[in-house]
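Everything on this sheet refers to the single structure shown next.
The values are calculated or read from the model by the stated rules, or taken from the named source; none is laboratory data. Here the structure is a predicted model, which means the values were calculated and not measured. Here the Cβ is made from the backbone with ideal geometry for all residues, glycine too, and neighbour counts use every protein chain on show. Keep in mind that these areas ignore ligands, DNA and RNA; they rest on the heavy atoms of the full protein, side chains included. Shrake-Rupley method; radii C 1.70, N 1.55, O 1.52, S 1.80 Å.
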Amino acid sequence: ILVMPSRWEGLSLVLLEAMACGLPIVASKSAAGDFGEEHGVVVADLSAKSFREAVSQLVANPSRCLDLGHRARLVAEEMLDLENRNNQWLKLLTILSCNVHEVSNSSKSLREIQIEVSSRRIGETGVA
């Protein structure tokens, strides 16, 4: 079990590495980020009591602990997959290079271009 009571966290490599090792997580909401109850326990507040209770629940239920760890590993493998990572970087760099090209060849303000590019992305993905 990885316990991560951080008040603030970006994308935590410690969290990903623990998940890749098949460990369930007990984490604060900020540390858990996009990961949720299907990979471990997300603790709403940062009190020691809340973390102690969450760890105790997992220790008392080894089958749940193993299941959460297994699911965490699958997610981490997908996130840490080199081809998947490369595709994400390529997509980001393509978007950034298009934005630079649009900015340099446009009479529009940077804000107007950002709004247009965001609108296109939302239209393509359906996600804001």
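Restricting region 71-104 to residues that are open to solvent by less than 90 Å² (accessible area, probe 1.4 Å) and at pLDDT below 65 leaves a set whose member that is farthest from the chain's Cα centre (by Cα) is SER104.
The one condition from (1) open to solvent by 70 Å² or more (accessible area, probe 1.4 Å); (2) small (Gly, Ala, Ser); (3) assigned to a helix (DSSP H, G or I); (4) at pLDDT below 85 that SER107 does not meet is (3).
Do we find that VAL127 is open to solvent by 80 Å² or more (accessible area, probe 1.4 Å), in a helix (DSSP H, G or I) and at pLDDT below 65 in this structure?
no
With respect to (1) part of a helix (DSSP H, G or I); (2) closer than 28 Å to TRP8 by Cβ; (3) at pLDDT below 90, the lone exception for PHE51 is condition (3).
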